[in-house]
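First the structure, in the form of structure tokens, and then the observations on it.
Read-outs throughout are calculated quantities, based only on the coordinates presented, and are distinct from any laboratory measurement. Note that the structure is predicted; figures quoted are calculated from it, not measured. Neighbour counts run over all protein chains shown; Cβ positions are idealised from the backbone, glycine included.
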Amino acid sequence: MRDQKYFTLETLAAFHPTKPSFAVLGKPIAHSLSPIFQKAAFEKLSIDSEYLRLEVSEEELEQAVEILVKKGFLGWNCTSPLKKKMMELCNQLDHSAIALGSVNTVKRREKVLLGFNTDGCGWVNDIKKNFSIDFHKLSITILGTGGAGEAIAKQSAKEGAQKLILINRTYGNALNLANVLESQYNTKVQVLALMEANVKKAIEQSELLVQALPFQHFNSLGFHWENILRPGILLYDLLYFPNPTPLESIAKKSGCKALNGLGMLIEQGALSFSIWTGLPAPIEIMKKSVASYEA
């Protein structure tokens, strides 16, 4: 069983780092695998650093950042739904954060916070390594257009995807995203309401399905995926626990090639590592460190 310990605002305030420190912020955060593979990377390159979990809500984020700066943390990651708020708290933004509209990686230089987004490139790196696909020929259905789904939609459009079908619980949010994509990129975008029949219809028109809903939202759908998925479609489930995910297992039994989000998690973390250290991340070591984790 992996280490489940994490800090809160109260315990972080009492914490006195003895070495260069980094963190991952979110709520909930106890399940995060980021400390495992980031510590493995630091150890491999003989960098004496600490990486910890900090459970913090969106309302607590500004106070948490103030404490992290005061304590001398050199950088941190954040999970949804903190990414847009984090973008507001940064002093400077990398082009990746501007393009995707959120920040998941922060690098501190004195009191200046530099914001980056490694989600999009991390996902593309994992997709290309495992699926060997040409984005210019792809029609992609994205289920869920929240923080991660939005980043993937924008990255897909940036990569030149032929068509995107956005399906979301809140139709208006998906429609707003579609308008942004069509105005900034030469990509056809279709928006559908979140219904089982619409998901099936979208899959019939797509080569790749990306499941980007949070666990609790996906789990509440109650869809009959055995009847929805068609043989041959590529599935990428952003969830990575349990491993394999339920949808991943169903997809493979249905004749689909499927991946969960563990590869993306590590790829985006490797990019974060390089941003902080200026060094190539030992990604194979990072992958090996979580290869047989318990969910």
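Over all directions, how big on average is the projection of the convex hull of the alpha-carbon atoms in the range 9-117, in square nanometres? Walk me through the numbers before you get to the answer.
On the way: hull surface 26.4 nm².
Seen from a random direction, the Cα hull of the range 9-117 projects 6.6 nm² on average.
According to the Cα gyration tensor, what semi-axes, each the square root of 5 times an eigenvalue, does the equivalent ellipsoid of the chain have, listed from largest to smallest in whole Å?
Working: eigenvalues 210, 85, 62 Å².
Equivalent ellipsoid semi-axes, largest first: 32, 21, 18 Å.
What residues qualify as long-range amide H neighbours of VAL191, i.e. H under 5 Å apart, gap of 5 or more or another chain, H built at 1.01 Å from N?
Answer set, sorted by chain and number: LEU166.
Once you've got the GNM for the chain with C-alpha springs shorter than 10 Å, pick whichever of GLN216, GLN63, GLN205 has the biggest mean-square fluctuation.
Maximum among the listed residues: GLN216.
In straight Cα distance, which lysines are under 21 Å from LYS200, not counting same-chain residues fewer than 8 positions off?
Result set, ordered by chain and number: LYS137, LYS163, LYS188, LYS252, LYS253, LYS257.
Please work out the FRET efficiency for the pair LYS257 and GLU66, using the Cβ-Cβ distance as r and a Förster radius of 51 Å; give the result to the nearest 0.05. Let's see the in-between values first.
Working: r = 45 Å, r/R0 = 0.89.
For LYS257 and GLU66, the calculated efficiency is 0.65.
How large is the Kirkwood hydrodynamic radius of the range 23-76, in angstrom, based on all distinct alpha carbon pairs?
On the way: mean 1/r = 0.0839 Å⁻¹.
Its Kirkwood hydrodynamic radius stands at 11.9 Å.
Fewest first, what order do ASP48, ASP126, ASP237 take by the number of other Cβ atoms within 10 Å?
ASP48, ASP126, ASP237
Find the relative contact order for the chain and round it to a whole percent, using C-alpha pairs within less than 8 Å whose residues are 6+ positions apart. Each step should come with its number before you reach the end.
On the way: 555 pairs, mean separation 48.2, N = 295.
This gives 16 percent for the chain.
Under the Karplus relation 6.51 cos²θ - 1.76 cosθ + 1.60, θ = phi - 60°, what is the ordered set of whole-Hz ³J(HN,Hα) values for the range 210-226, x standing for Gly and Pro?
10, 8, 10, 7, x, 3, 5, 6, 5, 5, 8, 5, x, 6, 8, 5, 4
Exactly which GluC sites (Glu not before Pro) in the range 251-295 are in a DSSP loop and have at most 15 other Cβ atoms within 10 Å? Present the calculation step by step, with values, prior to reporting the outcome.
Details: sites: GLU267, GLU284, GLU294; in loops: GLU294.
Those that pass, being in a loop and sparsely packed, are GLU294.
Per the Kirkwood definition applied to all pairs of different Cα atoms, how many angstroms is the hydrodynamic radius of the range 120-262? Intermediate values should be presented prior to the final figure.
Details: mean 1/r = 0.0675 Å⁻¹.
Computed over Cα pairs of the range 120-262, the Kirkwood hydrodynamic radius comes out at 14.8 Å.
Convert each backbone phi in the range 85-90 into a coupling constant with the Karplus relation 6.51 cos²θ - 1.76 cosθ + 1.60 (shift: θ = phi - 60°), then list the ³J(HN,Hα) values in order as whole Hz, x for Gly and Pro.
5, 4, 4, 5, 8, 7
Can you check what the Kirkwood hydrodynamic radius comes to for the range 125-190, Cα pairs only, in Å to one decimal?
Radius from the Kirkwood sum: 11.8 Å.
For the range 185-269, would you read off the P(r) tail past 15 Å as a percentage of all alpha carbon pairs? Spell out each step's value before the answer.
Details: 2129 of 3570 pairs.
Every Cα pair in the range 185-269 considered, those over 15 Å come to 60 percent.
Order the peptides 97-109, 77-89 from the highest to the lowest mean number of other Cβ atoms within 10 Å of their residues. Each step should come with its number before you reach the end.
Working: 97-109: 22.2, 77-89: 20.2.
Final packing ranking: 97-109, 77-89.
Within 10 Å of each candidate Cβ there may be at most 15 other Cβ atoms; applying that plus a DSSP loop requirement, which trypsin sites (Lys or Arg not before Pro) in the range 3-72 survive?
Working: sites: LYS5, LYS39, LYS44, ARG53, LYS70, LYS71; in loops: LYS5.
Listed in order of number, the matching sites are LYS5.
Given R₀ = 30 Å, FRET efficiency for SER132-LEU45 by Cβ-Cβ distance, to 0.05? Walk me through the numbers on the way to the answer.
On the way: r = 30 Å, r/R0 = 0.99.
My answer for the efficiency is 0.50.
If I model a spin label at GLN92 and ALA197 as a point 7 Å from the Cα along the Cα→Cβ vector, what separation in nanometres do I get?
According to this spin-label approximation, the distance is 5.4 nm.
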